[in-house]
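Here's the structure we're looking at; comments come further down.
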Amino acid sequence: MPTDLSPAARMRIAATAALVAMAFVFAATHVWGRDEGLWGYVRAFAEAGLVGGLADWFAVTAIFRRPLGLPIPHTAVIPRNKQRIADAVGRFIADNFLDPALVGQRLKQADPGEQIGRLLADRSQARRIADGLVGALPDLLAFLDDEAVARFWRERLSEQASGARLAPAFGAVLQAVTAEGRHHALLNAALDEAFRALEENEARIRDAVRNQTPRLLRYTRLDKPVADRAIAAIEELLHDVATEPGHPVRGQLTRIVEDFARGLKDDPALQARIEVIVAETLTHPAVADFTQAGWRSAKAAVLIDARRGERSELAGHLADGLVTLGKAILCDREARAAFNARLTPVLVHLAERHGPDVARIVSDTIASWDADTIVDKLEANVGRDLQYIRLNGTLIGGLVGVTLHAATHAI
């Protein structure tokens with residue numbers, strides 16, 4: 001028997017061979033034997049086995065097609081009832097798997113949060129999930145247009161960074177920073193830079209004073225003490241501001257920051273000006289080029305990493321994150337309970353809303369198959385058992401024939 005055949009095909013050949021063998025024995029007993037003694041039992045076995053095998057062959061064949069192509073009533077049951085079978089399968093799935101009450105009951109009995117946590121905490125499972133996600137990235141990215149993606153991010157950034165949203169948020173941050181006195185750290189940093197700039201540009205300041213001094217006074221070198229006093233005055237002011245927490249300059253700076261923060265939160269005119277500035281900045285060609293170049297660089301890096309397979313750093317980091325998440329879910333019972341409490345109504349709602357849709361998809365898919373496709377799929381799954389029925393019918397029929405023959409002679 002060929003080894004490349006399916007199990008159902010091999011069993012069909014075996015059942016047919018048994019039926020042919022039974023027919024051969026039946027013919028031989030009628031040609032060479034007589035209905036007495038051992039030949040009588042052999043003839044009875046062959047006769048009943050042939051009848052049983054033919055009856056089961058007819059029954060099994062009639063399920064899928066017309067026996068010998070004859071238009072016998074109530075044959076080719078599956079092809080003739082394709083739509084009814086499709087509807088029944090769809091209803092079965094909807095009633096037994098997607099019924100909202102049943103889904104809710106099963107979720108209450110189970111602990112999906114714990115199951116998800118155990119799945120993610122298993123590094124091999126987490127790595128398999130990460131590899132699958134990263135492995136799908138190249139195909140996903142191939143469908144994305146670079147310009148469309150860059151434009152999408154610019155538009156989203158523009159929406160989130162509009163003056164009506166950005167200004168109040170920034171104003172609230174400034175108020176919090178000012179209330180805690182942290183803006184003085186920025187002033188101190190600015191004063192350090194001012195000291196450094198004064199030192200680096202002292203020569204320029206002296207040249208500027210000299211150039212502004214009348215020519216006659218230059219000969220008396222009066223410009224030098226003027227420049228010295230100007231530089232010393234600046235240094236003294238910077239030093240006082242830097243060392244005195246209550247210096248008027250610091251108070252003035254605090255009032256300026258507070259007024260600006262209030263304006264950001266409450267002044268529509270200021271918010272509108274900031275919105276215009278943000279919009280003009282985000283629509284500038286340089287920003288557009290930067291966004292598109294950034295996306296292309298990130299895409300190229302992801303593609304290169306995804307092609308590394310088991311050595312993918314992105315998959316490794318993703319797997320680490322999944323393992324950490326899984327362990328956190330398992331360790332925190334309250335979080336897991338909260339997750340289950342939120343997940344259950346969501347899944348029940350999805351089952352209630354989309355259960356009929358799933359059933360309709362299954363039904364329409366089966367109904368769209370041609371008769372041969374349905375027969376092939378069913379025979380591939382249950383055909384082996386049906387051929388066993390044929391084989392058993394042949395053998396059991398023979399045994400029944402021997403029994404009846406023995407009983408007849410006993411009477």
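Give region 157-169 a look and list any residue that's open to solvent by 50 Å² or more (accessible area, probe 1.4 Å) and either modelled with pLDDT of 70 or more or over 39 Å from the mean Cα position of the chain (by Cα) (or both), or say none. Let's see the steps before the verdict.
As a first pass, look at region 157-169 and keep what is open to solvent by 50 Å² or more (accessible area, probe 1.4 Å): 157, 159-160, 164-166, 169.
Listed by number, the list holds a single entry, 169.
When you go through 63, 72 one by one, which is the residue that is in a helix (DSSP H, G or I), out of contact with any Asp or Glu (no Cβ under 9 Å at 6 or more places or on another chain), under 19 Å from residue 371 (Cβ atoms) and modelled with pLDDT under 80?
Exactly one of 63, 72 is in a helix (DSSP H, G or I), out of contact with any Asp or Glu (no Cβ under 9 Å at 6 or more places or on another chain), under 19 Å from residue 371 (Cβ atoms) and modelled with pLDDT under 80, namely 63.
Going by the conditions given, is residue 187 buried (at least 16 other Cβ atoms within 10 Å of the Cβ), modelled with pLDDT under 80 and either in contact with a Lys or Arg (Cβ under 9 Å, 6 or more places away or on another chain) or not in a helix (DSSP H, G or I) (or both)?
yes
If you check 54, 98, 19, which single one turns out to be assigned to a loop (DSSP other than H, G, I, E, B), in contact (Cβ under 8 Å) with a residue 24 or more places away in the chain and of a type in the set (A, V, I, L, M)? Before the answer, list the steps.
Numbers: 54 fails: assigned to a loop (DSSP other than H, G, I, E, B); 19 fails: assigned to a loop (DSSP other than H, G, I, E, B).
Only one candidate qualifies: 98.
Here is a check on your reading of the model: is residue 116 touching a residue at least 60 places away in the same chain (Cβ under 8 Å), under 18 Å from the mean Cα position of the chain (by Cα), closer than 30 Å to residue 297 by Cα and open to solvent by 30 Å² or more (accessible area, probe 1.4 Å)?
It is false that residue 116 is touching a residue at least 60 places away in the same chain (Cβ under 8 Å), under 18 Å from the mean Cα position of the chain (by Cα), closer than 30 Å to residue 297 by Cα and open to solvent by 30 Å² or more (accessible area, probe 1.4 Å).
Any residue in region 386-408 that is at pLDDT 80 or above and under 27 Å from the mean Cα position of the chain (by Cα)?
no
Check residue 124 against each of (1) surrounded by 17 or more Cβ atoms within 10 Å (Cβ to Cβ); (2) free of Cβ contacts under 8 Å to residues at least 12 places away in the same chain and name the one condition it does not meet.
With (1) surrounded by 17 or more Cβ atoms within 10 Å (Cβ to Cβ); (2) free of Cβ contacts under 8 Å to residues at least 12 places away in the same chain applied to residue 124, the lone miss is (1).
Look at residue 247 and say whether it is modelled with pLDDT of 75 or more, open to solvent by less than 50 Å² (accessible area, probe 1.4 Å) and under 28 Å from residue 208 (Cβ atoms). Write out each step before concluding.
On the way: modelled with pLDDT of 75 or more: yes; open to solvent by less than 50 Å² (accessible area, probe 1.4 Å): yes; under 28 Å from residue 208 (Cβ atoms): yes.
Yes; evaluated as a whole, the condition is true for this residue.
Of the residues in region 221-276, how many are polar (S, T, N, Q) and not in a helix (DSSP H, G or I)?
0
Consider region 309-328. How many of its residues are farther than 17 Å from residue 124 by Cβ, surrounded by 13 or more Cβ atoms within 10 Å (Cβ to Cβ) and of a type outside the set (A, V, I, L, M, F, W, C)?
The total comes to 0.
Among the numbered criteria (1) under 17 Å from residue 93 (Cβ atoms); (2) open to solvent by 80 Å² or more (accessible area, probe 1.4 Å); (3) of a type outside the set (Ser, Thr, Tyr), which single criterion is violated by residue 399?
Among (1) under 17 Å from residue 93 (Cβ atoms); (2) open to solvent by 80 Å² or more (accessible area, probe 1.4 Å); (3) of a type outside the set (Ser, Thr, Tyr), the lone unmet condition for residue 399 is (1).
Pick from region 29-60 the residues that are in contact with a helix residue (DSSP H, G or I) (Cβ under 6 Å, 6 or more places away or on another chain) and closer than 25 Å to residue 372 by Cβ: which of them is surrounded by the fewest Cβ atoms within 10 Å (Cβ to Cβ)?
Looking at the filtered set, the residue picked out is 58.
Test of understanding: among 86, 101, which residue is out of contact with any His (no Cβ under 6 Å at 6 or more places or on another chain), small (Gly, Ala, Ser) and surrounded by fewer than 17 Cβ atoms within 10 Å (Cβ to Cβ)?
101
Going by what's in this entry, would residue 148 be described as open to solvent by less than 50 Å² (accessible area, probe 1.4 Å), hydrophobic (A, V, I, L, M, F, W, C), within 22 Å of residue 306 (Cα to Cα) and in a helix (DSSP H, G or I)? Break it down stepwise before answering.
Details: open to solvent by less than 50 Å² (accessible area, probe 1.4 Å): yes; hydrophobic (A, V, I, L, M, F, W, C): yes; within 22 Å of residue 306 (Cα to Cα): no; in a helix (DSSP H, G or I): yes.
Here the answer is no, as residue 148 does not meet what is asked.
The values are calculated or read from the model by the stated rules, or taken from the named source; none is laboratory data. Just so we're clear, the structure is a prediction, and the values are computed from it rather than from any experiment. Here the Cβ is made from the backbone with ideal geometry for all residues, glycine too, and neighbour counts use every protein chain on show. To get the accessible areas, we keep the full protein, side chains included, count just its heavy atoms, and leave off ligands, DNA and RNA. Shrake-Rupley method; radii C 1.70, N 1.55, O 1.52, S 1.80 Å.
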